[in-house]
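The values are calculated or read from the model by the stated rules, or taken from the named source; none is laboratory data. Everything numeric in this text was worked out from a predicted model, so none of it was measured. Note that we place each Cβ from the backbone using ideal geometry, even for glycine, and neighbour counts take in every protein chain shown. Side chains included, ligands, DNA and RNA excluded: accessible areas come from the protein's heavy atoms. Shrake-Rupley method; radii C 1.70, N 1.55, O 1.52, S 1.80 Å.
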Amino acid sequence: MPNASVSRRTQLLGAAAAVTAGLVVAFMIHLHPEGLHVPAWVAYVAASAFVFAGLCLLAGALDIKWLQEWLGIAVTLSLFVVSLWIAFGQGVRACSLSIPFVHTVAPDALCRGAFGLGALLVGLFLGLLVRRALSSGS
């Protein structure tokens, strides 16, 4: 049976790509905040998810399990914060809705409801990750 694990080189390349993508996006946010449809802090948190994911891959490549676990929690927390803002933040949301043969803009309540449900699920997952990290002594 072939080894199903990802090579260290692939992890390092993925880490570099993810960190670079997050930093480039953060730099673009800094250069052109007027183009955002969200507060800058929400965009920075979203960009940080890429940086944390890249660092998580790096920790995995270096076999630093406890750091990899906590960086995975940071990625999940970043996604949680963004979904919470979409669901409960001020202002109107504009989400697209795509089902077979139909593509339209979803009503604000449907958009917020979908992201609220997503935030609930991510929050539950985040709680499980933190519980596991704390119980493993990481």
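Structure notes:
- Residues being at pLDDT 95 or above, open to solvent by 50 Å² or more (accessible area, probe 1.4 Å) and in contact with a helix residue (DSSP H, G or I) (Cβ under 6 Å, 6 or more places away or on another chain) - total across the range 22-38: 1
- Scanning the range 71-108 for residues that are among the polar types (S, T, N, Q) and free of Cβ contacts under 8 Å to residues at least 24 places away in the same chain yields a total of 4.
- The range 85-108, subset part of a loop (DSSP other than H, G, I, E, B) and surrounded by 13 or more Cβ atoms within 10 Å (Cβ to Cβ), residue modelled with the lowest pLDDT: ARG93
- Of the residues making up the range 55-70, at least one is without any contact (Cβ under 8 Å) to a residue 24 or more places away in the chain, open to solvent by 80 Å² or more (accessible area, probe 1.4 Å) and either under 27 Å from GLY14 (Cβ atoms) or not in a loop (DSSP other than H, G, I, E, B) (or both).
- Every residue from the range 109-131 that is open to solvent by 50 Å² or more (accessible area, probe 1.4 Å) and free of Cβ contacts under 8 Å to residues at least 24 places away in the same chain: ALA109, LEU110, ALA114, LEU117, LEU120, LEU121, LEU124, LEU128, ARG131
- Among (1) of a type outside the set (Gly, Ala, Ser); (2) part of a helix (DSSP H, G or I); (3) under 16 Å from LEU79 (Cα atoms), the one test that VAL38 misses: (2)
- Residue in the range 68-85 that is of a type outside the set (A, V, I, L, M) and more than 22 Å from LEU124 (Cβ to Cβ) present: no
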